[in-house]
Each structure stands twice: as structure tokens, then as C-alpha cells.
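Peer 1: Just dropping this structure here.
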Amino acid sequence: MRDHQQGQGSAAFTDNTGNAGELHQDIAADGDHSDGPAHLTDNHGHRIADNQNSLRAGTRGPTLLEDFVLREKIFHFDHERIPERIVHARGSGAHGTFEVTRAIPEWTRAGLFQEVGTTCPVFVRFSTVAGGAGSVDTPRDVRGFAVKLYTQEGNWDLVGNNIPVFFIQDAIKFPDLVHSVKMEADRGYPQAASAHDTFWDFVSLMPETMHMVMWAMSDRGIPRSLRMIEGFGVHTFRFINAEGEGRFVKFHWKPVLGLQSTTWDEAVKIAGADPDFHRRDLWEAIDAGDFPQWDLGVQIFDEAWAAKQPYDVLDATKLIPEEEIPVEVIGRMTLNRNVDNFFAETEQVAFLPTNILPGIDFSNDPLLQGRLFSYLDTQKSRLGTTNFHQIPINAPKCPFHNMQRDGMMQTLVPKGRANYEPNTLAQAGEDGGPRACPETGFSSFRENGERNDPTEKLRVRPETFADHYSQARMFYLSQTENEQAHIASAIVFELSKVSIPHIPTAVIARLRNIDEDLAKRVAEGLGIDLPKKAKAAKEPVDLGTSDALSIQKNAKATLEGRKVGILFDEGSNKETIDTLVADIEKAGGTSFLVAPKIGPLKVKGGTLKADGQLAGTPSVMFDAVVAILMPERAEKLAQDVGAVAWFADAWFHCKTIGACGGTRKHLLPKANIEPDDGIVDPEDFMKTGAIRHWHREPKVRDLA
Ligand code: HDE
């Protein structure tokens, strides 16, 4: 007799008839295959004798309808796909933990934040927004940063982005925004790109988009790694403490590895060299034990402070400068486990901004209010059943009880008759089921004193939402010269792909409200006359600058989490390479050996195998490169355009190049590389590390 529950088999498989998707141990109680693989069965537990040949009438006859093995296999395969997310379709997920580093009972009664050291499991899904599930990782786009914290008081989903503001102020515009940025409706392209007519048409008509357009066109839109992006809750939320006092709060995730981006040329080349660049980078870092971390920070302010600002804190196109309300760190998140199954976890995870904790609440931000409906709604069409919360990745890790019953794919087996509330079944000795708990349950904040009159029904936007340009200007002016040039050329590139001539003109007319010089640069770049300034709903005011908005001003001189490409060939010195590899690892980085052939190649002191072949491993894959070559090999490689491009790209992308004598003599001149402080001897590489040498940029491209 076999006992399915008690089995000891080594392999596990998904039992489609099991509870809530649990993995069942395979059936091996009789011990007949404990050393070998588990028996293959169909979805109903029947062992399969032959998985290669279908059942046929005679050796060359037709296949029989009775072949349930074939039919089930093909039937399941035919239905394997579910609708991809309407936005944020391409994503990468990982598990981890969150730990509270500062107790904040004075701000919130959320159980999670009452004591330092409290932890909870988390699941994070990073995503691009516009592209389909099979698109690439490095287009210019916003990145989704969705965190599910499985707390003892239920799941808290902080469903944010890597940009702190949004394109629109009201949820009613979201379908139009998304339609405009996705593939154009008639032709089905471009995929994963905002550089086309319809997106910029929408932008040109919607001045409130201008602030986020600045961010999306900046280097934030082309991150180096998902481990090096910030996350933002975007909306203003509420904290409510045990006394019932409410405060506004904005949430921030700050990457411990610092912020880093690619250049546009790099992003484009990476898309071809490795379409999975970001998901591979995340997977490999976690797999190697280099767990990415983020600090959770909050900006706390009250209604009185909010009322004095020249913008409305309920307007999601506005941020709160960190110089005015500092970000206070309250916890740290560590991602330490890759998913076991992409579909079951990353694809089926369902984030809901309505997943919130007692002690945290929404604000009246009209964008957030729309999201509170949309996410629950979309999960039904994506996951097919109202019971999507029972899928293991979505299920709370604390007990949950209610009277909701039945529905497709109900996998729980609620007991008893108490499927309504209130009831008196307990008085008859039965289980009467759960009851609402006013003391500890979620209760909405009473918004006394908000600038709002709830007695009127209006389809309007408040006056306080009317300034669309001041913060866009603050963002632009806070960037370094290089970063400003990147924004200008990104807009020129995007608008150069727009075929309807009045659209770029309308966009430039709006840019004049942000910065005259930016508008001029874009107009010149496109060869069109500077149009008249667009009339602003409200004249912008001068908000000064905020250094926190620039990536370059906050760059970390570190090798931690960075990847160094080391080029070698026959005859290279193994000891030099081994020492460098060890030093990089000690500094928290990783190295990757590149050679013209994978090998093993004969080198001085032994043999070495490359991790990647030069032709398939362009230098865009790395944060810095080092070449350790015998002079004659360097001379030979200088005849190879691919090898020359390896250095030319690293130079163009302002990376550190560690170059041995042969490389300096033969390869660098071929690539038109002039010595600067980013070109160092391999022995000095560790002193310089993986920083970008932005001062080189004006030498390698026209920044005007
Ligand atoms: Fe989303 N958004 N969104 N969004 N969003 C979705 O939900 C929506 C907005 C964000 O990895 C959808 O499960 C509306 C802002 C992320 O699974 C959908 C509005 C921010 C993800 C949806 C917004 C986001 C989504 C599609 C305007 C940053 C990926 C699939 C009111 C704060 C989550 C899904 C994941 C996904 C609706 C605006 C972030 C359709 C209506 C603002 C990170 O429900």
C-alpha cells in the first residue's frame, strides 16, 4: 500500500488536486525507487508507463481518443498561459525579509513598527511598465517596485515605482495614458518604447505629465541594475497612532548599493547582448549570496505643513524635497532567496494597494483612489478567480477568516455552517465563526481639518493641482551638466521618432516653461524653430534645487555589487589575474573572465578558462574593464574590430579601464582612447574601482 502523504521520495512535484498549491512529496513509501527519480504520473496520480509514444490503432494508424495520457498532457499545455499584466507585464521577483530598525509607535499603531527587530517575510516584484512579458530589460522606462510584506496583521503591499511622481493626477486618465504608451493600436509596434507618436501626443496635451517626463528622460529611466534603483510609494499616505492622531507619510526605498544608471548607448547595446540583463543580474547576485538591500525611509508631515506648500500633497505629480522633510529610515529590506518557480510566484503574485495595515491609511489622492479599485479588479481577469488570494504567493502568512465562500478554484475547505455573520450558532454549541474587532481591526482615519468639503459632488480638479512646471524645473536644475545633457538628448531622440510634426512643437512649447535652455537644445536637436511658450495653467515658481534628485551627485565610489570584465588571452599572467579576482571579490564585487576563446587557455602559471567569449561578451555587460594581455596578443587583438570596440565602448561609457602595457600600446590608440585618470594600470585598478568618469563625456560625445 502506498500512502501519498507519508511518502519519502526525493523529488517533489505539483499535485494539481492538492491543497492551495502545496508541493506534495512524491510517492515512494514502498521504497522501490528511493535512489532514482520519482515515478511520472498524470495529474490524478496514475503512473505513466510511456511518455514518448501516443496510443495508436496499429503501428502506423491514427491516435486513439482513449489516450488520456496524451490528452491530459496536451490539454494542460494548451492552457498554460494566462493574460499578461496590462501594464508592468515584464517582471522579476525575489523573496526576502524586512526588519524594523526604528520603532515608531508615536506615528503609527501598525504592529510591524512597534519594536526594533520585528521582522516579516517579503516578496518583491520589479518590472518595466510598457513592454510585454517577452520584451527586454533595458528600455527607457519607469521601473515598478512592488513589495508585499507578509505581516502578522495581514499583507501590506507597497506598490511603487522607481520614480517618485506620476504622469497624471487623476485615475480616470490612466487608460488613455497606457494606451498611448503601449504599442500603437493599428500596427502593434513599437514594443517597450515611449519614442512614438501616440505617447508624445498624449504628453503634449497633458502638461501635468511634464515633471515625470523629466524623470523618465533622465538616467533614472535606464538603470544599471534593479539592485541600484530607489523605490517610492509615490502617493501621500497616512500614519495613524494608537491615540488616533494622523500624519501624512511618503515612503522611500533607498538602495544600499547606491543609485546607478547606464548610458543610453549602453542600454541599447545591452538590449541586444543580453535582453535579460536585469533579471539575470538580480538572480545571480542573490544566488551568489550578495543579497541586495534597501532602507525603508519615511517623510512625515502634517496637514498644517502641507497647507503651506506651493503644491498639493495629494497631487501625485509632486514630490516633497528631502531637503525640506528629511527621509527618516525605519527599516531594512534584504532580498535573499530567488523564486523556485517563475510562474507560480513572480507571475501569479497579485499586488493590491488596498492591502494596508491598521495604523496606515490612504489619502484622498485621486490617483491612489482609482488604484484602490483597479488592482483587485484586474486580478480576477488575470488569475481567473476571486480565490486568487489562496495562491501561496498571495496568501497572508497570518490566520485569515471570513464568511466569503465558494467560487472557482476554492482550495480551502471551510467547515461548519457559519457562512454568515452575525449568527448565534455558538449558542447552539457550533463554531459561530469570526467576528469584526473594532479595537484592533482596520478603521479609516477621520479626516477632520482636511481642505475638503465632502458635501459636494464635483468632477473638478482643485486649484492646488494647477502648477505643472515648478517641480519639473527643480528636477532639471538639480541635475549635473552631464545629466542635463542626457535629458536633452533623450527628448531629442524620442521626439525624432514622432512622425506628426505638430507634436514635437507642442512638447517644446511646454519645455519652455521648465527651462528655456532645455527647450532651445531640443528644438535645435530636432532642427525646428523654437515655438511660442505654452500658456501655463499656473505660472511656475522658483523652488531652487535639490541634490537628492541627481544620481551623479550621489554616486558611490564602490565596487560593491559591481561587475568587472577581465580580458585575457594565451600567455597572460595567471597570478595577476587571480589576485585581481580575489581583490574584487573582497571589495564586494564580481569579476568575469573574457577571452577570444573559452579555453582552457595556456597562461603563465597554468591554464585558465574564460567565463565568456569576447565576441559574445561586449564591455557594456560590465561596470569597469581590465585587460591583462601579452604584448603580442594585444597587437593581434588590435586587428579585431570587436576587441577594439570592447575598449572603445568602455571609454565611450566613461568607465574605468585597467590597461596593461600591451593594451596601452596597441589597443587603446586603435580605439582613439586618450589617457585620463580613468585609464589605469591593472595594479592600480582597485584604487580607482568602478566609478564613472563623467568629466570624460564631453570628449567622447557632443553634449551641446
Ligand atoms: Fe499600477 N497597475 N496603476 N501604478 N502598478 C498595475 O495591476 C493602475 C500606478 C504599479 O508587479 C495593474 O496587478 C491604475 C502608480 C506597479 O504585479 C493595474 C493607476 C504606480 C505594478 C494597475 C496606476 C503604479 C502596477 C496591472 C492609475 C506607482 C506592477 C497588473 C490610477 C505608485 C505590480 C496589476 C506587479 C500594476 C492599475 C498607477 C505601480 C492595471 C489604474 C501611480 C509597480 O491594476
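Peer 1: Could you say which residue among Val327, Val349 is out of contact with any helix residue (DSSP H, G or I) (no Cβ under 7 Å at 6 or more places or on another chain), crowded, with 21+ Cβ neighbours inside 10 Å and over 20 Å from Thr119 (Cα atoms)?
Peer 2: Working: Val327 fails: crowded, with 21+ Cβ neighbours inside 10 Å.
That would be Val349, the only listed residue that is out of contact with any helix residue (DSSP H, G or I) (no Cβ under 7 Å at 6 or more places or on another chain), crowded, with 21+ Cβ neighbours inside 10 Å and over 20 Å from Thr119 (Cα atoms).
Peer 1: With in contact with a helix residue (DSSP H, G or I) (Cβ under 6 Å, 6 or more places away or on another chain), part of a strand (DSSP E or B) and under 20 Å from Ala271 (Cα atoms) as the only criterion, which of Val620, Val603, Val625 stands out?
Peer 2: Details: Val620 fails: part of a strand (DSSP E or B); Val603 fails: under 20 Å from Ala271 (Cα atoms).
The unique qualifying residue is Val625.
Peer 1: Within the range 345-356, track down each residue that is in contact with a strand residue (DSSP E or B) (Cβ under 7 Å, 6 or more places away or on another chain) and more than 9 Å from the ligand (Cβ to nearest atom).
Peer 2: Kept after step one, since they are in contact with a strand residue (DSSP E or B) (Cβ under 7 Å, 6 or more places away or on another chain), are these residues of the range 345-356: 345-346, 349, 351-353, 355-356.
Matches in the range 345-356: Glu345, Asn355, Ile356.
Peer 1: Of all residues in the range 131-148, which are under 10 Å from the mean Cα position of the chain (by Cα) and not hydrophobic (A, V, I, L, M, F, W, C)?
Peer 2: The answer is Asp137, Arg143, Gly144.
Peer 1: Let me ask something additional. Could you check the range 503-549 and list, in sequence order, the residues that are touching a helix residue (DSSP H, G or I) at 6+ places or on another chain (Cβ under 6 Å), among the small types (Gly, Ala, Ser) and in a loop (DSSP other than H, G, I, E, B)?
Peer 2: Ala534, Ala536
Peer 1: Could I ask something else about it? Looking for whichever is surrounded by fewer than 19 Cβ atoms within 10 Å (Cβ to Cβ), in contact with a His (Cβ under 7 Å, 6 or more places away or on another chain) and either of a type in the set (Asp, Glu) or more than 28 Å from Pro275 (Cα to Cα) (or both) here; the options are Asp676, Asp681. Which one fits? Break it down stepwise before answering.
Peer 2: Values: Asp681 fails: in contact with a His (Cβ under 7 Å, 6 or more places away or on another chain).
So the residue among Asp676, Asp681 that is surrounded by fewer than 19 Cβ atoms within 10 Å (Cβ to Cβ), in contact with a His (Cβ under 7 Å, 6 or more places away or on another chain) and either of a type in the set (Asp, Glu) or more than 28 Å from Pro275 (Cα to Cα) (or both) is Asp676.
Peer 1: In the range 623-648, which residues are surrounded by fewer than 20 Cβ atoms within 10 Å (Cβ to Cβ) and either of a type outside the set (Gly, Ala, Ser) or in contact with a Cys (Cβ under 6 Å, 6 or more places away or on another chain) (or both)?
Peer 2: The initial filter retains those residues of the range 623-648 that are surrounded by fewer than 20 Cβ atoms within 10 Å (Cβ to Cβ), namely 630-632, 635-636, 639-642, 645, 648.
Selection gives Met630, Pro631, Glu632, Glu635, Lys636, Gln639, Asp640, Val641.
Peer 1: Would you say Gly359 is closer than 30 Å to Ala171 by Cβ, more than 16 Å from the ligand (Cβ to nearest atom) and either touching a Ser or Thr at 6+ places or on another chain (Cβ under 6 Å) or in the same structural domain as Ala288 (by TED's automatic domain parsing) (or both)?
Peer 2: Details: closer than 30 Å to Ala171 by Cβ: yes; more than 16 Å from the ligand (Cβ to nearest atom): yes; either touching a Ser or Thr at 6+ places or on another chain (Cβ under 6 Å) or in the same structural domain as Ala288 (by TED's automatic domain parsing) (or both): yes.
It is true that Gly359 is closer than 30 Å to Ala171 by Cβ, more than 16 Å from the ligand (Cβ to nearest atom) and either touching a Ser or Thr at 6+ places or on another chain (Cβ under 6 Å) or in the same structural domain as Ala288 (by TED's automatic domain parsing) (or both).
Peer 1: Could you please find all residues in the range 166-177 being more than 18 Å from the chain's Cα centre (by Cα) and within 9 Å of the ligand (Cβ to nearest atom)?
Peer 2: Ile168, Asp170, Ala171, Ile172, Lys173, Phe174, Pro175, Leu177
Peer 1: Looking only at the range 458-472, which residues are aliphatic (A, V, I, L, M) and closer than 12 Å to Met214 by Cα?
Peer 2: First, the residues of the range 458-472 that are aliphatic (A, V, I, L, M): 458, 460, 466, 472.
Ala472 - this is the single residue of the range 458-472 that is aliphatic (A, V, I, L, M) and closer than 12 Å to Met214 by Cα.
Peer 1: Could you grab me the full set of residues in the range 182-206 that are of a type in the set (Gly, Ala, Ser), more than 21 Å from the chain's Cα centre (by Cα) and either assigned to a loop (DSSP other than H, G, I, E, B) or surrounded by fewer than 21 Cβ atoms within 10 Å (Cβ to Cβ) (or both)?
Peer 2: Going residue by residue through the range 182-206, those that are of a type in the set (Gly, Ala, Ser) are 185, 188, 192-195, 204.
Now restrict to residues that are more than 21 Å from the chain's Cα centre (by Cα): 185, 188, 204.
If the condition is that a residue be of a type in the set (Gly, Ala, Ser), more than 21 Å from the chain's Cα centre (by Cα) and either assigned to a loop (DSSP other than H, G, I, E, B) or surrounded by fewer than 21 Cβ atoms within 10 Å (Cβ to Cβ) (or both), then Ala185, Gly188 are the ones that fit.
Peer 1: While we're looking at this one, here's another question. Filter the range 138-165 for residues that are more than 13 Å from the ligand (Cβ to nearest atom) and more than 23 Å from Met333 (Cα to Cα) and give the result. It would help to see each step written out before you state the result.
Peer 2: Residues of the range 138-165 that are more than 13 Å from the ligand (Cβ to nearest atom), as a first pass: 138-140, 149-156.
Hits for the range 138-165 are Thr138, Pro139, Arg140.
Peer 1: Which residues, taken from the range 226-239, are on the phi < 0 side of the Ramachandran plot and either surrounded by fewer than 24 Cβ atoms within 10 Å (Cβ to Cβ) or within 16 Å of the ligand (Cβ to nearest atom) (or both)?
Peer 2: Residues satisfying the conditions are Leu226, Met228, Ile229, Glu230, Gly231, Phe232, Gly233, His235, Thr236, Phe237, Arg238, Phe239.
Every residue, every condition in (1) touching a Gly at 6+ places or on another chain (Cβ under 9 Å); (2) of a type in the set (Lys, Arg), yes or no:
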| residue | (1), (2) |
| --- | --- |
| His39 | yes, no |
| Asp50 | no, no |
| Leu55 | no, no |
| Arg60 | no, yes |
| Trp107 | yes, no |
| Ala130 | no, no |
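Peer 1: Consider the range 70-106. How many of its residues are basic (Lys, Arg), away from the ligand (no atom under 12 Å from the Cβ) and either outside any loop (DSSP other than H, G, I, E, B) or not assigned by TED's automatic domain parsing to the domain that holds Phe126 (or both)?
Peer 2: Narrowing the range 70-106 to residues basic (Lys, Arg): 71, 73, 81, 85, 90, 102.
Now narrow it down to the ones that are away from the ligand (no atom under 12 Å from the Cβ): 71, 73, 81, 102.
When the remaining residues are screened for being either outside any loop (DSSP other than H, G, I, E, B) or not assigned by TED's automatic domain parsing to the domain that holds Phe126 (or both), the result is 71, 73, 81.
Qualifying residue count for the region: 3.
Peer 1: Residues that are over 30 Å from Thr440 (Cβ atoms) and either within 13 Å of the ligand (Cβ to nearest atom) or surrounded by fewer than 14 Cβ atoms within 10 Å (Cβ to Cβ) (or both): does the range 110-122 have at least one? Break it down stepwise before answering.
Peer 2: Of all residues in the range 110-122, those over 30 Å from Thr440 (Cβ atoms) come to none.
Among the residues of the range 110-122, not one is over 30 Å from Thr440 (Cβ atoms) and either within 13 Å of the ligand (Cβ to nearest atom) or surrounded by fewer than 14 Cβ atoms within 10 Å (Cβ to Cβ) (or both), which makes the answer no.
Peer 1: Would the range 381-389 turn up any residue that is touching a Pro at 6+ places or on another chain (Cβ under 6 Å), assigned by TED's automatic domain parsing to the domain that holds Val256 and near the ligand (Cβ under 9 Å from one of its atoms)?
Peer 2: yes
Peer 1: Restricting to the range 556-608, what's the tally of residues that are in contact with a Lys or Arg (Cβ under 7 Å, 6 or more places away or on another chain) and closer than 30 Å to Lys254 by Cα?
Peer 2: Result for the range 556-608: 4.
Peer 1: Also, quick follow-up: Scanning the range 207-222 for residues that are within 30 Å of Met621 (Cα to Cα) and within 16 Å of the ligand (Cβ to nearest atom), which turns out surrounded by the most Cβ atoms within 10 Å (Cβ to Cβ)? Please lay out each step first, then the result.
Peer 2: Applying the first criterion (within 30 Å of Met621 (Cα to Cα)) to the range 207-222 yields 212-222.
Cutting the leftovers down to within 16 Å of the ligand (Cβ to nearest atom) gives us 212-213, 215-216, 220-221.
Values: Met212: 24, Val213: 26, Trp215: 24, Ala216: 24, Arg220: 24, Gly221: 24.
Step by step, filter the range 207-222, then rank; the result is Val213.
Peer 1: Is at least one residue of the range 231-252 in contact with a Leu (Cβ under 9 Å, 6 or more places away or on another chain) and among the hydroxyl-bearing types (Ser, Thr, Tyr)?
Peer 2: The answer is yes; a qualifying residue exists.
Residue-by-condition table, conditions (1) farther than 30 Å from Arg461 by Cβ; (2) crowded, with 17+ Cβ neighbours inside 10 Å; (3) over 22 Å from the mean Cα position of the chain (by Cα):
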position	(1), (2), (3)
Ser363	no, yes, yes
Gln369	no, no, yes
Leu372	no, no, no
Leu383	yes, yes, no
Asn387	yes, yes, yes
Pro392	yes, no, no
Lys397	yes, no, yes
Phe400	yes, no, yes
Met403	yes, no, yes
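Peer 1: Being within 16 Å of Thr317 (Cα to Cα) and touching a Leu at 6+ places or on another chain (Cβ under 9 Å) narrows it down to one of Trp200, Trp215, so name that one. Break it down stepwise before answering.
Peer 2: Values: Trp200 fails: within 16 Å of Thr317 (Cα to Cα).
Unique residue meeting the criteria: Trp215.
Peer 1: So, one more: Consider the range 455-470. How many of its residues are within 16 Å of Ala519 (Cα to Cα) and outside any loop (DSSP other than H, G, I, E, B)?
Peer 2: Result for the range 455-470: 1.
Peer 1: Could you tell me whether any residue of the range 363-374 is at negative phi, away from the ligand (no atom under 16 Å from the Cβ) and assigned to a helix (DSSP H, G or I)? So that I can check it myself, show each step before the final result.
Peer 2: First, pick out the residues of the range 363-374 that are at negative phi: 363-374.
After this cut, where a residue has to be away from the ligand (no atom under 16 Å from the Cβ) as well, the list is none.
No, that holds for no residue.
Peer 1: Do any residues in the range 86-112 that are under 27 Å from Glu284 (Cβ atoms) have Cβ atoms under 6 Å from those of residues that are in a helix (DSSP H, G or I) and more than 10 Å from the ligand (Cβ to nearest atom), where the two are at least six apart or on different chains, and which pairs are they?
Peer 2: Ser92/Arg279; Ser92/Leu282; Gly93/Glu345; Ala94/Ile286
Peer 1: Still on this structure, please answer the following. Inside the range 129-149, can you point out the residues that are of a type outside the set (A, V, I, L, M, F, W, C), touching a helix residue (DSSP H, G or I) at 6+ places or on another chain (Cβ under 8 Å) and outside any loop (DSSP other than H, G, I, E, B)?
Peer 2: Arg143
The values are calculated or read from the model by the stated rules, or taken from the named source; none is laboratory data. These numbers were taken from a predicted model, which means no experiment stands behind them. Positions of Cβ are generated from backbone atoms using ideal geometry, with glycine treated the same way; all protein chains shown enter the neighbour counts.
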